[in-house]
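Take a look at the structure below.
The values are calculated or read from the model by the stated rules, or taken from the named source; none is laboratory data. Bear in mind that the values here come from a model prediction, so they are computed numbers and not experimental data. We place every Cβ from the backbone using ideal geometry, glycine too, and count neighbours over all the protein chains shown. The protein model used for the area step is the full one, side chains on, heavy atoms only, and it has no ligands, DNA or RNA in it. Shrake-Rupley method; radii C 1.70, N 1.55, O 1.52, S 1.80 Å.
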Protein chains: 2
Amino acid sequence: MSAAETSNWQQIHDVVLERIQSRRWKPGDLIPREQELAEEFGCARATINRALQALADSGFLERRRKAGTRVAIHPVRKATLSIPIIEQEIEQNGFTYAYALLTDAVLPPPADIGAWLEVPPDSTVRHVEALHSASGRPYVFEDRWIHLDAIGAAASADFSTVSPNRWLVENATYTRGKITLSAIGAGSRESELLACEPGAALFRLERRTWNKTAVITVANLTFAPGYRMHTML
Amino acid sequence: MSAAETSNWQQIHDVVLERIQSRRWKPGDLIPREQELAEEFGCARATINRALQALADSGFLERRRKAGTRVAIHPVRKATLSIPIIEQEIEQNGFTYAYALLTDAVLPPPADIGAWLEVPPDSTVRHVEALHSASGRPYVFEDRWIHLDAIGAAASADFSTVSPNRWLVENATYTRGKITLSAIGAGSRESELLACEPGAALFRLERRTWNKTAVITVANLTFAPGYRMHTML
DNA sequence: TCGAATAATATGTCCATACATAATATGCAT
DNA sequence: ATGCATATTATGTATGGACATATTATTCGA
């Protein structure tokens, strides 16, 4: 069966993907060589290569030189969750965004945060607490620690109108980040700020951001009850 | 400055990425044409194209025909969270996996689940409840609904030893999925099964899986207290 | 029998070229 | 000026050929 004349790599990509999803080529199976597929589809080997590389990138295929190409055994359950700027997230949902700075201080960090930031024992960091709200209702509590040695400009940043969340996105480049998601019970501080019962189940996002090897900032975001984070796969 | 002889696309990729991250090319900036970069790096335009495409795929660049290539304004905060099979996740952490089937029935779904599964009003679905545990301690409660019309083989699957979680990964292909993450307070059922206080904050993952246009299954996973989900960006 | 050297092979990458396509820029007629 | 047709241009994709590289398979000697 020779495929349609129109031999662009995306169509080949789709045909191959269909063969995988329909189980004509099962997980673990070795699929034909690039040269053979090129003949089947009536195109150059490079075109096949492009299609198969894309499928390998998205985890459907595993490829090794000389060993050939085989269908991935565990069809890679990868979900990409996009981390929006809080302000944008709120406005996209049709609410009015508001921001309030609660505390702002430069001080020696507590031991645990100091360790997370990987700062020398006697250095100081900037600690900011802020509340983001949506149409007047508390949305998320931001607890932010900034490593001033790693990003000097942050020492003079004014967080009274612009949140650290936004300022850092716009002014700090990062090369790597680590996120931890969990559920925590509201303490007295959270229950007060987020207008909920003590002990209420809250969604929490902890994040550490690096530039090269230096930790720039640690952020703990605690969301108001009912928050739901969506993602596709 | 003409770059080194070494012209492979990954090196070009890295050099360009460095220029973005060092803000030599700032967000919104138009970067040189492929032809110009090819001359700078002393390679073919196709090689530049490969490098820039990869950077566009990962969100650092935005490219449009004729308009040129520019640095993305919002450096794409995408985190890929991999969704493992529960059994593997537990064993990777060094615990002993165990599985217990709690209930298993074919019945007409409650209204909300029926709507999620997009089944006709009078049809029946398979409902399975199961508990996964790690070294004897409850780990996650699986509340699973399976659309039998969409995946017939599931009607005769034996879930007494193999969890729906695993069976479906191995036997059902999907083309699309949607995940919702949230925090909920433990109800009486959860507190009993997961050995925690009623009202304890629990991490929850709700998932809907499609094949083409038909919903295959809905899964609600409620994790024991203290569960943390990690991801990189 | 075992291990090391060697051959074979599938994918990885590159090149030079050509044409396709989408978007912008330009020029012309009104 | 305004609107429309046309030229220009940067990226997108395809080709065929070449060589690189990682593995596997084979051969041969100790």
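Can B:Glu192 be described as without any contact (Cβ under 8 Å) to a residue 24 or more places away in the chain, more than 18 Å from B:Leu81 (Cβ to Cβ), open to solvent by 50 Å² or more (accessible area, probe 1.4 Å) and at the interface with chain A (Cβ under 10 Å from one of its Cβ atoms)? Answer is no for this residue.
State yes or no: is B:Glu118 in contact (Cβ under 8 Å) with a residue 40 or more places away in the chain, more than 30 Å from A:Thr173 (Cβ to Cβ) and either open to solvent by 70 Å² or more (accessible area, probe 1.4 Å) or out of contact with any strand residue (DSSP E or B) (no Cβ under 9 Å at 6 or more places or on another chain) (or both)? Judged against the criteria, B:Glu118 is a match.
If you go through region A:17-36 and keep only what is within 14 Å of chain B (Cβ to nearest Cβ) and assigned to a helix (DSSP H, G or I), you end up with A:Leu17, A:Glu18, A:Arg19, A:Ile20, A:Gln21. Got at least one residue in region A:100-115 being open to solvent by less than 60 Å² (accessible area, probe 1.4 Å), in contact (Cβ under 8 Å) with a residue 24 or more places away in the chain and within 14 Å of chain B (Cβ to nearest Cβ)? So far as region A:100-115 goes, no, none of its residues is open to solvent by less than 60 Å² (accessible area, probe 1.4 Å), in contact (Cβ under 8 Å) with a residue 24 or more places away in the chain and within 14 Å of chain B (Cβ to nearest Cβ). As a summary of the residue check, B:Arg228 satisfies the conditions (1) in the same structural domain as B:Asp143 (by TED's automatic domain parsing); (2) modelled with pLDDT of 95 or more; (3) within 21 Å of B:Glu89 (Cβ to Cβ) except for the one numbered (1).
Just name the residue that is most open to solvent (accessible area, probe 1.4 Å) out of those in region B:195-222 that are within 21 Å of B:Glu87 (Cβ to Cβ) and at the interface with chain A (Cβ under 8 Å from one of its Cβ atoms).
My answer is B:Arg204.
On inspection, B:Thr217 does not qualify as of a type outside the set (Gly, Ala, Ser) and out of contact with any Ser or Thr (no Cβ under 8 Å at 6 or more places or on another chain). State which residue is nearest to DNA strand C (Cβ to nearest atom) when the search covers only region A:37-90 and only residues that are in a helix (DSSP H, G or I), open to solvent by 80 Å² or more (accessible area, probe 1.4 Å) and more than 14 Å from chain B (Cβ to nearest Cβ). Only one residue fits best here, namely A:Arg45. Residue selection: A:Arg33 fails the criterion of being farther than 21 Å from B:Leu168 by Cα, within 8 Å of DNA strand D (Cβ to nearest atom), at pLDDT 95 or above and not polar (S, T, N, Q).
Could you check, for region A:56-68, whether at least one of its residues is away from DNA strand D (no atom under 14 Å from the Cβ) and in contact (Cβ under 8 Å) with a residue 24 or more places away in the chain?
Taking region A:56-68 as the starting set, the residues that turn out to be away from DNA strand D (no atom under 14 Å from the Cβ) are A:58-61.
Right, trim to in contact (Cβ under 8 Å) with a residue 24 or more places away in the chain and you get A:60-61.
So far as region A:56-68 goes, yes, one or more of its residues are away from DNA strand D (no atom under 14 Å from the Cβ) and in contact (Cβ under 8 Å) with a residue 24 or more places away in the chain.
Scanning region B:176-189 for residues that are at the interface with chain A (Cβ under 10 Å from one of its Cβ atoms) and hydroxyl-bearing (Ser, Thr, Tyr) yields B:Thr180, B:Ser182. Does at least one position in region B:48-57 carry a residue that is within 19 Å of the chain's Cα centre (by Cα) and within 25 Å of A:Ile86 (Cβ to Cβ)? Checked against the condition, which is being within 19 Å of the chain's Cα centre (by Cα) and within 25 Å of A:Ile86 (Cβ to Cβ), region B:48-57 yields no hits at all.
Does region B:127-135 include one or more residues that are within 14 Å of another protein chain (Cβ to nearest Cβ) and in a loop (DSSP other than H, G, I, E, B)? Within region B:127-135, none of the residues are within 14 Å of another protein chain (Cβ to nearest Cβ) and in a loop (DSSP other than H, G, I, E, B). For region B:92-117, residues that are acidic (Asp, Glu) and touching a His at 6+ places or on another chain (Cβ under 8 Å) total 1. No other residue among A:Leu181, A:Leu168 is open to solvent by less than 60 Å² (accessible area, probe 1.4 Å), within 22 Å of the chain's Cα centre (by Cα), among the aliphatic types (A, V, I, L, M) and at pLDDT 95 or above apart from A:Leu181.
Among residues of region A:23-46 that are among the polar types (S, T, N, Q), those with a beta-carbon under 7 Å from a residue that is modelled with pLDDT of 95 or more and within 16 Å of DNA strand D (Cβ to nearest atom) at least six positions away or on a different chain give the pairs A:Gln35/A:Arg45. In the set (1) more than 13 Å from DNA strand D (Cβ to nearest atom); (2) under 29 Å from the mean Cα position of the chain (by Cα); (3) more than 30 Å from B:Thr222 (Cβ to Cβ); (4) within 12 Å of chain A (Cβ to nearest Cβ), the condition left unmet by B:His13 is number (4). Considered as a group, the residues in region B:133-165 that are closer than 22 Å to B:Asp112 by Cα and of a type in the set (Asp, Glu) include one that is least open to solvent (accessible area, probe 1.4 Å), and that residue is B:Glu142.
Using the structure shown, decide if A:Ala72 is over 19 Å from A:Arg207 (Cβ atoms) and either more than 16 Å from DNA strand D (Cβ to nearest atom) or in contact with a strand residue (DSSP E or B) (Cβ under 6 Å, 6 or more places away or on another chain) (or both). Yes.
Of all the residues in region A:19-29, those that are at pLDDT 95 or above and either near DNA strand C (Cβ under 8 Å from one of its atoms) or polar (S, T, N, Q) (or both) number 0.
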